[in-house]
Amino acid sequence: TMRSVKTLLLFLSFLSVMGLARGSAEDCPASCENQGLTIHAQCSLAECSSCDICTCRPYCYQNDKPWETKCNWNNCKGCSECGAPKKKPNILLIFADDVGTGDIPGYWGNDNNGIVDMPNIYDLVNKGTTFTDAHSTPLCASSRYVLLSGNYQHRGRLPGGSWDLGNPIQFIGNQTSIAQVLRDEGGYHTAMMGKWHMGGLIPSATGKTSTRTTDSLSNPNNNWTLPLVEGPQTVGFDSSLISDQGIQKYPYCFFRDGFLTTPLDDVRVWDRGTYTMPLGQSMILQKGEGTTGWDSTAYNMILVNETNRFLDDHMENRPDDPFFAYVALGAAHVPHTPPDYYMDGTKVAGERQTPFLDIMKELDLVVGSLVKSIEDRGLADDTIIILTSDNGGLKNQDSQDVGHYSSGPLRSRKGSIYEGGHRVPFIIRHDGVFPAKERRDHLIGINDIFATLCEIAGVDV
(Lines give C-alpha, C1' and ligand atoms only; values in the text may rest on other atoms or scores of the structure.)
Protein backbone atom coordinates (compact mmCIF):
# COMPACT_ATOMS: atom_id res chain seq x y z
CA THR A 1 0.00 0.00 0.00
CA MET A 2 0.98 3.62 -0.40
CA ARG A 3 1.17 4.02 3.39
CA SER A 4 3.55 1.09 3.81
CA VAL A 5 5.79 2.38 1.01
CA LYS A 6 5.95 5.81 2.63
CA THR A 7 6.79 4.21 6.01
CA LEU A 8 9.52 2.19 4.34
CA LEU A 9 11.04 5.27 2.72
CA LEU A 10 11.07 7.10 6.07
CA PHE A 11 12.87 4.13 7.59
CA LEU A 12 15.46 4.11 4.84
CA SER A 13 15.97 7.86 5.27
CA PHE A 14 16.57 7.23 8.98
CA LEU A 15 19.30 4.74 8.15
CA SER A 16 20.97 7.31 5.94
CA VAL A 17 20.77 10.02 8.61
CA MET A 18 22.35 7.66 11.14
CA GLY A 19 25.43 7.61 8.91
CA LEU A 20 25.41 3.95 7.89
CA ALA A 21 28.16 3.35 5.38
CA ARG A 22 27.30 2.60 1.77
CA GLY A 23 28.93 -0.21 -0.16
CA SER A 24 28.42 -1.69 -3.56
CA ALA A 25 25.96 -4.47 -4.29
CA GLU A 26 28.89 -6.89 -4.36
CA ASP A 27 29.86 -5.94 -0.77
CA CYS A 28 26.62 -7.29 0.66
CA PRO A 29 26.90 -10.65 2.40
CA ALA A 30 24.71 -13.50 1.21
CA SER A 31 22.30 -13.07 4.10
CA CYS A 32 21.32 -9.68 2.72
CA GLU A 33 20.16 -11.21 -0.51
CA ASN A 34 17.60 -13.48 1.13
CA GLN A 35 14.44 -12.88 -0.87
CA GLY A 36 12.41 -14.40 1.95
CA LEU A 37 12.96 -11.23 3.96
CA THR A 38 11.48 -7.84 3.28
CA ILE A 39 13.86 -4.99 2.54
CA HIS A 40 12.93 -3.61 5.97
CA ALA A 41 14.06 -6.82 7.64
CA GLN A 42 17.24 -7.09 5.59
CA CYS A 43 18.35 -3.58 6.42
CA SER A 44 17.81 -4.25 10.13
CA LEU A 45 20.46 -6.98 10.09
CA ALA A 46 23.81 -5.76 11.39
CA GLU A 47 25.73 -7.51 8.65
CA CYS A 48 23.58 -5.79 6.01
CA SER A 49 23.78 -2.23 7.26
CA SER A 50 26.43 -1.26 4.72
CA CYS A 51 24.48 -2.59 1.74
CA ASP A 52 23.65 0.04 -0.79
CA ILE A 53 20.31 -1.63 -1.38
CA CYS A 54 19.16 -0.37 2.01
CA THR A 55 18.93 3.13 0.60
CA CYS A 56 16.95 2.12 -2.47
CA ARG A 57 13.23 1.86 -2.98
CA PRO A 58 11.78 -1.63 -2.44
CA TYR A 59 11.61 -2.47 -6.13
CA CYS A 60 15.39 -2.24 -6.39
CA TYR A 61 16.49 -4.80 -3.84
CA GLN A 62 15.66 -7.86 -5.93
CA ASN A 63 18.91 -9.59 -6.76
CA ASP A 64 17.92 -11.63 -9.79
CA LYS A 65 19.05 -8.83 -12.12
CA PRO A 66 22.40 -6.99 -12.41
CA TRP A 67 22.57 -3.38 -11.36
CA GLU A 68 23.05 -2.37 -14.99
CA THR A 69 19.50 -3.62 -15.59
CA LYS A 70 18.07 -2.24 -12.38
CA CYS A 71 19.32 1.22 -13.21
CA ASN A 72 17.00 1.24 -16.23
CA TRP A 73 14.00 0.91 -13.94
CA ASN A 74 12.34 4.20 -13.08
CA ASN A 75 11.75 3.10 -9.50
CA CYS A 76 15.45 2.44 -8.95
CA LYS A 77 16.90 5.59 -10.43
CA GLY A 78 17.48 7.08 -6.97
CA CYS A 79 19.91 4.31 -5.95
CA SER A 80 23.49 5.48 -5.62
CA GLU A 81 24.53 2.59 -7.87
CA CYS A 82 22.73 4.39 -10.67
CA GLY A 83 23.56 7.59 -12.48
CA ALA A 84 21.14 10.08 -13.97
CA PRO A 85 17.39 9.40 -13.93
CA LYS A 86 16.33 6.97 -16.62
CA LYS A 87 13.29 6.80 -18.86
CA LYS A 88 9.98 6.13 -17.17
CA PRO A 89 8.38 2.75 -17.88
CA ASN A 90 6.01 2.29 -20.80
CA ILE A 91 2.52 1.01 -20.01
CA LEU A 92 0.37 -1.40 -22.02
CA LEU A 93 -3.08 -1.76 -20.45
CA ILE A 94 -5.21 -4.53 -21.97
CA PHE A 95 -8.85 -4.25 -20.92
CA ALA A 96 -10.90 -7.34 -21.76
CA ASP A 97 -14.70 -7.23 -21.99
CA ASP A 98 -16.89 -9.55 -19.89
CA VAL A 99 -14.01 -11.89 -19.01
CA GLY A 100 -14.28 -13.53 -15.60
CA THR A 101 -11.73 -15.24 -13.38
CA GLY A 102 -12.99 -18.63 -14.55
CA ASP A 103 -12.23 -17.83 -18.17
CA ILE A 104 -8.44 -17.75 -18.12
CA PRO A 105 -5.44 -19.55 -16.59
CA GLY A 106 -4.10 -18.41 -13.24
CA TYR A 107 -7.34 -18.76 -11.29
CA TRP A 108 -9.16 -21.57 -9.50
CA GLY A 109 -6.41 -24.10 -10.14
CA ASN A 110 -6.32 -23.54 -13.90
CA ASP A 111 -2.68 -24.00 -14.89
CA ASN A 112 -3.67 -23.87 -18.53
CA ASN A 113 -5.45 -27.18 -18.13
CA GLY A 114 -8.92 -25.81 -18.81
CA ILE A 115 -11.16 -26.50 -21.79
CA VAL A 116 -9.47 -23.81 -23.89
CA ASP A 117 -5.70 -23.87 -24.43
CA MET A 118 -4.46 -20.35 -23.57
CA PRO A 119 -0.65 -20.48 -23.62
CA ASN A 120 -0.14 -16.74 -24.09
CA ILE A 121 -2.14 -15.70 -21.04
CA TYR A 122 -0.53 -18.52 -19.06
CA ASP A 123 2.86 -17.16 -20.10
CA LEU A 124 1.80 -13.77 -18.76
CA VAL A 125 0.84 -15.47 -15.49
CA ASN A 126 4.26 -17.13 -15.28
CA LYS A 127 6.14 -13.92 -16.03
CA GLY A 128 4.04 -11.62 -13.87
CA THR A 129 2.08 -11.25 -10.64
CA THR A 130 -1.52 -12.48 -10.50
CA PHE A 131 -3.96 -10.77 -8.15
CA THR A 132 -6.70 -13.14 -7.09
CA ASP A 133 -9.00 -10.65 -5.34
CA ALA A 134 -9.30 -7.81 -7.85
CA HIS A 135 -12.61 -6.03 -8.44
CA SER A 136 -14.36 -3.79 -10.93
CA THR A 137 -17.95 -2.61 -11.02
CA PRO A 138 -20.52 -5.16 -12.23
CA LEU A 139 -21.05 -3.36 -15.54
CA CYS A 140 -19.10 -2.24 -18.55
CA ALA A 141 -19.51 1.52 -18.89
CA SER A 142 -19.14 2.35 -15.20
CA SER A 143 -15.94 0.28 -14.99
CA ARG A 144 -14.38 2.18 -17.87
CA TYR A 145 -14.89 5.44 -16.01
CA VAL A 146 -13.50 3.88 -12.81
CA LEU A 147 -10.43 2.64 -14.67
CA LEU A 148 -9.64 5.90 -16.45
CA SER A 149 -10.55 8.29 -13.64
CA GLY A 150 -9.41 6.43 -10.53
CA ASN A 151 -12.76 7.30 -8.93
CA TYR A 152 -15.63 5.18 -7.76
CA GLN A 153 -18.46 5.07 -10.28
CA HIS A 154 -20.84 7.27 -8.30
CA ARG A 155 -18.41 10.19 -8.58
CA GLY A 156 -19.05 10.41 -12.31
CA ARG A 157 -22.00 11.91 -14.15
CA LEU A 158 -24.14 8.79 -13.82
CA PRO A 159 -23.51 5.96 -11.31
CA GLY A 160 -24.26 3.41 -14.01
CA GLY A 161 -21.99 5.08 -16.56
CA SER A 162 -22.53 7.09 -19.73
CA TRP A 163 -23.28 4.44 -22.31
CA ASP A 164 -24.05 6.18 -25.58
CA LEU A 165 -22.82 8.94 -27.84
CA GLY A 166 -25.18 11.87 -27.51
CA ASN A 167 -24.96 11.73 -23.71
CA PRO A 168 -22.41 13.96 -21.98
CA ILE A 169 -19.13 12.28 -21.14
CA GLN A 170 -18.89 10.58 -17.75
CA PHE A 171 -16.13 12.89 -16.48
CA ILE A 172 -17.43 15.93 -14.63
CA GLY A 173 -15.96 19.15 -13.27
CA ASN A 174 -12.19 19.14 -13.06
CA GLN A 175 -11.82 15.36 -13.17
CA THR A 176 -8.96 14.11 -15.33
CA SER A 177 -8.12 10.77 -16.90
CA ILE A 178 -5.02 8.69 -16.29
CA ALA A 179 -4.03 9.41 -19.90
CA GLN A 180 -4.23 13.17 -19.36
CA VAL A 181 -2.21 13.08 -16.15
CA LEU A 182 0.47 10.82 -17.61
CA ARG A 183 0.68 12.95 -20.76
CA ASP A 184 0.61 16.41 -19.22
CA GLU A 185 2.64 15.74 -16.07
CA GLY A 186 4.65 12.66 -16.97
CA GLY A 187 5.53 13.33 -20.61
CA TYR A 188 3.85 10.17 -21.85
CA HIS A 189 2.79 9.51 -25.44
CA THR A 190 -0.78 8.25 -25.07
CA ALA A 191 -3.08 6.19 -27.26
CA MET A 192 -6.37 4.33 -27.05
CA MET A 193 -7.68 1.55 -29.26
CA GLY A 194 -11.07 -0.14 -28.99
CA LYS A 195 -14.32 0.18 -27.10
CA TRP A 196 -15.03 3.67 -25.73
CA HIS A 197 -18.41 3.41 -23.94
CA MET A 198 -17.94 6.65 -22.04
CA GLY A 199 -20.49 8.92 -23.68
CA GLY A 200 -19.70 12.12 -25.51
CA LEU A 201 -21.58 14.70 -27.52
CA ILE A 202 -22.13 14.40 -31.26
CA PRO A 203 -20.97 17.36 -33.40
CA SER A 204 -24.03 19.31 -34.48
CA ALA A 205 -24.86 20.99 -37.78
CA THR A 206 -27.56 23.11 -36.15
CA GLY A 207 -25.91 24.29 -32.96
CA LYS A 208 -28.18 22.09 -30.89
CA THR A 209 -27.09 19.04 -28.93
CA SER A 210 -27.62 15.85 -30.91
CA THR A 211 -28.61 12.52 -29.43
CA ARG A 212 -27.70 9.10 -30.72
CA THR A 213 -30.27 7.59 -33.08
CA THR A 214 -30.26 4.64 -35.45
CA ASP A 215 -29.47 7.12 -38.22
CA SER A 216 -26.85 9.16 -36.37
CA LEU A 217 -24.38 8.92 -39.25
CA SER A 218 -26.68 10.11 -42.05
CA ASN A 219 -28.76 12.49 -39.96
CA PRO A 220 -28.42 16.02 -41.46
CA ASN A 221 -28.52 17.51 -37.96
CA ASN A 222 -25.06 16.06 -37.33
CA ASN A 223 -21.84 17.46 -38.77
CA TRP A 224 -19.27 14.68 -39.17
CA THR A 225 -16.66 16.98 -40.63
CA LEU A 226 -16.06 17.88 -36.98
CA PRO A 227 -14.72 15.55 -34.27
CA LEU A 228 -16.73 14.19 -31.38
CA VAL A 229 -17.30 17.05 -28.96
CA GLU A 230 -16.23 14.77 -26.12
CA GLY A 231 -14.07 11.77 -26.91
CA PRO A 232 -10.68 10.23 -26.16
CA GLN A 233 -8.91 13.19 -27.77
CA THR A 234 -10.46 15.52 -25.17
CA VAL A 235 -9.37 13.50 -22.12
CA GLY A 236 -5.67 13.08 -22.78
CA PHE A 237 -5.19 10.59 -25.62
CA ASP A 238 -2.76 11.83 -28.28
CA SER A 239 -4.17 9.31 -30.72
CA SER A 240 -7.19 7.02 -30.71
CA LEU A 241 -9.13 4.58 -32.84
CA ILE A 242 -12.41 3.73 -31.14
CA SER A 243 -15.91 2.47 -31.65
CA ASP A 244 -18.57 3.84 -29.39
CA GLN A 245 -20.09 0.54 -28.30
CA GLY A 246 -17.47 -2.02 -29.20
CA ILE A 247 -19.19 -4.60 -31.41
CA GLN A 248 -22.51 -4.72 -29.60
CA LYS A 249 -24.42 -1.71 -30.87
CA TYR A 250 -24.65 1.00 -33.53
CA PRO A 251 -23.08 3.07 -34.91
CA TYR A 252 -21.02 0.27 -36.44
CA CYS A 253 -17.94 2.30 -37.32
CA PHE A 254 -14.66 3.69 -36.02
CA PHE A 255 -13.59 7.18 -35.01
CA ARG A 256 -9.95 8.21 -35.35
CA ASP A 257 -8.89 11.04 -33.03
CA GLY A 258 -12.58 11.90 -32.72
CA PHE A 259 -13.30 12.01 -36.48
CA LEU A 260 -15.61 9.55 -38.20
CA THR A 261 -13.50 7.32 -40.46
CA THR A 262 -16.40 6.31 -42.72
CA PRO A 263 -17.33 8.53 -45.71
CA LEU A 264 -21.04 9.31 -45.54
CA ASP A 265 -21.57 7.73 -48.95
CA ASP A 266 -20.24 4.48 -47.47
CA VAL A 267 -22.88 4.33 -44.70
CA ARG A 268 -25.58 1.69 -44.72
CA VAL A 269 -28.32 0.42 -42.41
CA TRP A 270 -27.53 -2.93 -40.84
CA ASP A 271 -30.54 -5.04 -39.92
CA ARG A 272 -30.33 -7.50 -37.06
CA GLY A 273 -28.83 -10.74 -38.34
CA THR A 274 -25.73 -12.66 -39.42
CA TYR A 275 -23.64 -11.67 -42.43
CA THR A 276 -20.93 -13.51 -44.30
CA MET A 277 -17.87 -11.27 -44.34
CA PRO A 278 -14.31 -11.90 -45.56
CA LEU A 279 -13.04 -12.97 -42.13
CA GLY A 280 -16.06 -14.86 -40.82
CA GLN A 281 -19.69 -14.71 -39.81
CA SER A 282 -20.33 -11.17 -38.57
CA MET A 283 -23.40 -10.50 -36.45
CA ILE A 284 -25.57 -7.42 -35.81
CA LEU A 285 -27.59 -7.45 -32.59
CA GLN A 286 -29.41 -4.12 -32.99
CA LYS A 287 -30.51 -2.45 -36.18
CA GLY A 288 -28.59 0.72 -36.95
CA GLU A 289 -26.20 2.50 -39.27
CA GLY A 290 -22.58 1.70 -39.87
CA THR A 291 -19.88 1.36 -42.46
CA THR A 292 -20.52 -1.07 -45.31
CA GLY A 293 -17.45 -3.08 -44.36
CA TRP A 294 -18.33 -3.61 -40.70
CA ASP A 295 -17.21 -7.06 -39.56
CA SER A 296 -17.53 -8.01 -35.90
CA THR A 297 -15.14 -10.95 -36.44
CA ALA A 298 -12.31 -8.57 -37.37
CA TYR A 299 -12.63 -6.19 -34.42
CA ASN A 300 -9.88 -7.46 -32.12
CA MET A 301 -7.41 -7.96 -34.96
CA ILE A 302 -8.01 -4.35 -36.04
CA LEU A 303 -7.02 -3.27 -32.53
CA VAL A 304 -3.82 -5.33 -32.66
CA ASN A 305 -2.87 -3.73 -35.97
CA GLU A 306 -3.63 -0.27 -34.62
CA THR A 307 -1.47 -0.94 -31.56
CA ASN A 308 1.39 -1.92 -33.86
CA ARG A 309 0.87 1.25 -35.88
CA PHE A 310 1.05 3.34 -32.71
CA LEU A 311 4.19 1.57 -31.48
CA ASP A 312 5.92 2.09 -34.82
CA ASP A 313 4.96 5.75 -34.83
CA HIS A 314 6.15 6.13 -31.25
CA MET A 315 9.54 4.55 -31.89
CA GLU A 316 10.07 6.67 -34.98
CA ASN A 317 8.92 10.01 -33.65
CA ARG A 318 9.14 9.88 -29.83
CA PRO A 319 11.60 7.11 -28.91
CA ASP A 320 12.90 8.93 -25.84
CA ASP A 321 9.45 9.33 -24.27
CA PRO A 322 7.46 6.67 -22.42
CA PHE A 323 4.10 5.59 -23.83
CA PHE A 324 0.72 4.64 -22.38
CA ALA A 325 -1.35 2.38 -24.67
CA TYR A 326 -4.89 1.50 -23.57
CA VAL A 327 -6.34 -1.39 -25.61
CA ALA A 328 -10.04 -2.02 -24.89
CA LEU A 329 -10.92 -5.33 -26.53
CA GLY A 330 -14.23 -6.58 -27.86
CA ALA A 331 -13.67 -10.06 -26.40
CA ALA A 332 -15.72 -11.53 -24.86
CA HIS A 333 -18.82 -9.35 -25.23
CA VAL A 334 -21.70 -10.56 -27.38
CA PRO A 335 -22.06 -11.17 -30.25
CA HIS A 336 -19.70 -14.10 -30.03
CA THR A 337 -18.39 -14.06 -33.58
CA PRO A 338 -14.90 -15.54 -33.73
CA PRO A 339 -12.96 -15.11 -36.97
CA ASP A 340 -12.52 -18.13 -39.18
CA TYR A 341 -8.76 -17.66 -38.87
CA TYR A 342 -6.62 -15.40 -36.73
CA MET A 343 -4.09 -13.17 -38.49
CA ASP A 344 -1.31 -15.71 -37.93
CA GLY A 345 -3.32 -18.42 -39.70
CA THR A 346 -4.61 -20.16 -36.56
CA LYS A 347 -8.06 -21.68 -37.11
CA VAL A 348 -10.47 -20.21 -34.56
CA ALA A 349 -14.18 -20.50 -35.42
CA GLY A 350 -15.72 -23.93 -34.98
CA GLU A 351 -12.72 -25.47 -33.26
CA ARG A 352 -14.28 -25.70 -29.79
CA GLN A 353 -17.68 -26.70 -28.43
CA THR A 354 -19.22 -23.19 -28.47
CA PRO A 355 -18.61 -19.82 -30.16
CA PHE A 356 -17.86 -18.34 -26.75
CA LEU A 357 -15.02 -20.80 -26.22
CA ASP A 358 -13.70 -19.90 -29.67
CA ILE A 359 -13.72 -16.26 -28.54
CA MET A 360 -11.67 -17.28 -25.48
CA LYS A 361 -9.10 -18.74 -27.85
CA GLU A 362 -9.08 -15.53 -29.88
CA LEU A 363 -8.58 -13.56 -26.65
CA ASP A 364 -5.45 -15.58 -25.93
CA LEU A 365 -4.15 -15.02 -29.45
CA VAL A 366 -4.78 -11.27 -29.16
CA VAL A 367 -2.98 -11.03 -25.82
CA GLY A 368 -0.11 -12.99 -27.32
CA SER A 369 0.08 -10.62 -30.29
CA LEU A 370 0.08 -7.52 -28.07
CA VAL A 371 2.79 -8.89 -25.78
CA LYS A 372 4.83 -9.99 -28.80
CA SER A 373 4.55 -6.46 -30.18
CA ILE A 374 6.33 -5.26 -27.06
CA GLU A 375 8.92 -8.04 -27.00
CA ASP A 376 9.79 -7.87 -30.69
CA ARG A 377 10.61 -4.18 -30.36
CA GLY A 378 12.95 -4.81 -27.44
CA LEU A 379 10.65 -3.04 -24.98
CA ALA A 380 9.83 -5.86 -22.55
CA ASP A 381 12.22 -4.73 -19.79
CA ASP A 382 10.88 -1.18 -20.01
CA THR A 383 7.14 -1.89 -20.21
CA ILE A 384 4.47 -2.60 -17.62
CA ILE A 385 1.86 -4.96 -19.08
CA ILE A 386 -1.54 -5.21 -17.36
CA LEU A 387 -4.38 -7.55 -18.27
CA THR A 388 -7.73 -7.10 -16.55
CA SER A 389 -11.46 -6.94 -17.31
CA ASP A 390 -14.40 -4.58 -16.95
CA ASN A 391 -16.65 -6.92 -14.96
CA GLY A 392 -17.25 -10.53 -14.03
CA GLY A 393 -17.90 -13.27 -16.52
CA LEU A 394 -21.01 -14.14 -18.50
CA LYS A 395 -23.52 -16.90 -17.93
CA ASN A 396 -23.05 -18.80 -21.16
CA GLN A 397 -25.22 -21.85 -20.71
CA ASP A 398 -23.84 -23.75 -23.70
CA SER A 399 -20.32 -23.37 -22.33
CA GLN A 400 -21.42 -24.30 -18.83
CA ASP A 401 -22.93 -27.47 -20.24
CA VAL A 402 -19.44 -28.56 -21.31
CA GLY A 403 -17.83 -27.56 -18.00
CA HIS A 404 -16.70 -23.95 -18.51
CA TYR A 405 -17.81 -21.50 -15.81
CA SER A 406 -16.73 -17.92 -16.47
CA SER A 407 -16.91 -16.88 -12.82
CA GLY A 408 -15.36 -20.08 -11.54
CA PRO A 409 -16.99 -21.11 -8.25
CA LEU A 410 -18.18 -17.56 -7.49
CA ARG A 411 -21.86 -16.79 -7.24
CA SER A 412 -23.59 -15.08 -10.16
CA ARG A 413 -22.18 -13.17 -13.14
CA LYS A 414 -21.86 -9.81 -14.90
CA GLY A 415 -24.44 -7.30 -13.69
CA SER A 416 -24.71 -8.77 -10.21
CA ILE A 417 -23.59 -7.40 -6.88
CA TYR A 418 -22.53 -10.92 -5.93
CA GLU A 419 -18.84 -11.58 -6.27
CA GLY A 420 -19.10 -13.30 -9.63
CA GLY A 421 -20.33 -10.00 -11.04
CA HIS A 422 -17.29 -7.91 -10.17
CA ARG A 423 -14.28 -10.05 -9.29
CA VAL A 424 -12.03 -9.86 -12.33
CA PRO A 425 -8.71 -11.20 -13.58
CA PHE A 426 -5.76 -8.93 -12.89
CA ILE A 427 -2.24 -9.82 -14.05
CA ILE A 428 0.66 -7.39 -14.14
CA ARG A 429 4.08 -8.01 -15.65
CA HIS A 430 7.16 -5.81 -15.47
CA ASP A 431 10.26 -7.90 -16.01
CA GLY A 432 12.75 -7.57 -13.20
CA VAL A 433 10.50 -5.27 -11.19
CA PHE A 434 7.38 -7.20 -10.24
CA PRO A 435 7.91 -10.79 -9.11
CA ALA A 436 7.38 -13.48 -11.72
CA LYS A 437 5.01 -16.40 -11.20
CA GLU A 438 3.69 -14.81 -8.01
CA ARG A 439 0.18 -14.58 -6.58
CA ARG A 440 -1.28 -11.89 -4.34
CA ASP A 441 -4.55 -12.18 -2.46
CA HIS A 442 -4.76 -8.53 -1.35
CA LEU A 443 -8.07 -6.83 -2.09
CA ILE A 444 -7.61 -4.34 -4.94
CA GLY A 445 -9.84 -2.49 -7.39
CA ILE A 446 -9.31 -1.32 -10.95
CA ASN A 447 -9.68 2.22 -9.58
CA ASP A 448 -6.28 1.64 -7.90
CA ILE A 449 -4.57 1.52 -11.30
CA PHE A 450 -4.67 5.32 -11.67
CA ALA A 451 -2.70 6.18 -8.52
CA THR A 452 -0.41 3.17 -8.85
CA LEU A 453 0.70 4.04 -12.35
CA CYS A 454 1.14 7.68 -11.41
CA GLU A 455 3.38 6.73 -8.50
CA ILE A 456 5.48 4.47 -10.72
CA ALA A 457 5.73 7.25 -13.31
CA GLY A 458 6.77 9.77 -10.67
CA VAL A 459 3.62 11.88 -11.08
CA ASP A 460 2.02 13.41 -8.01
CA VAL A 461 -1.77 13.06 -7.73
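The values are calculated or read from the model by the stated rules, or taken from the named source; none is laboratory data. All of these numbers come straight from a predicted model, not from anything done at the bench. Every residue, glycine as well, gets a Cβ built from its backbone with ideal geometry; the counts of neighbours run over all protein chains shown. These accessible areas exclude ligands, DNA and RNA; they are computed on the full protein's heavy atoms, side chains included. Shrake-Rupley method; radii C 1.70, N 1.55, O 1.52, S 1.80 Å.
For Thr234, the criteria (1) closer than 20 Å to Met193 by Cα; (2) free of Cβ contacts under 8 Å to residues at least 40 places away in the same chain; (3) open to solvent by 60 Å² or more (accessible area, probe 1.4 Å) hold in every case but one, which is (2).
Taking the conditions (1) closer than 24 Å to Arg272 by Cα; (2) small (Gly, Ala, Ser); (3) buried (at least 24 other Cβ atoms within 10 Å of the Cβ) in turn, Gly350 satisfies each one other than (3). Checked against (1) in contact (Cβ under 8 Å) with a residue 60 or more places away in the chain; (2) surrounded by fewer than 17 Cβ atoms within 10 Å (Cβ to Cβ), Thr176 passes all but a single condition, namely (2).
For Pro319, the conditions (1) farther than 25 Å from Asp344 by Cβ; (2) part of a strand (DSSP E or B) are fulfilled apart from (2). Give me the residue from the stretch 401-425 that is part of a loop (DSSP other than H, G, I, E, B) and β-branched (Val, Ile, Thr) and, out of that set, least open to solvent (accessible area, probe 1.4 Å). Only one residue fits best here, namely Val402. Across the stretch 437-460, the qualifying residues are those that are at pLDDT 95 or above, hydrophobic (A, V, I, L, M, F, W, C) and assigned to a loop (DSSP other than H, G, I, E, B), and the one among them that is farthest from Gln153 (Cα to Cα) is Leu443. The residues of the stretch 354-393 that are closer than 21 Å to Thr297 by Cα and not in a helix (DSSP H, G or I), listed by number, are Thr354, Ser389, Asp390, Gly393.
Taking the stated definitions as given, is Arg144 at negative phi, of a type outside the set (S, T, N, Q) and open to solvent by 30 Å² or more (accessible area, probe 1.4 Å)?
Numbers: at negative phi: yes; of a type outside the set (S, T, N, Q): yes; open to solvent by 30 Å² or more (accessible area, probe 1.4 Å): no.
Considered against the rule, which asks whether it is at negative phi, of a type outside the set (S, T, N, Q) and open to solvent by 30 Å² or more (accessible area, probe 1.4 Å), Arg144 comes out as no.
Criterion applied to Tyr152, Tyr188 was being open to solvent by less than 10 Å² (accessible area, probe 1.4 Å) and modelled with pLDDT of 95 or more, and the one residue passing it is Tyr188.
Taking (1) under 25 Å from Ser399 (Cβ atoms); (2) free of Cβ contacts under 8 Å to residues at least 60 places away in the same chain; (3) of a type in the set (D, E, K, R); (4) open to solvent by 10 Å² or more (accessible area, probe 1.4 Å) in turn, Lys361 satisfies each apart from (2). The set of residues in the stretch 303-347 that are open to solvent by 10 Å² or more (accessible area, probe 1.4 Å) and of a type in the set (A, V, I, L, M) comprises Met315, Val334, Met343.
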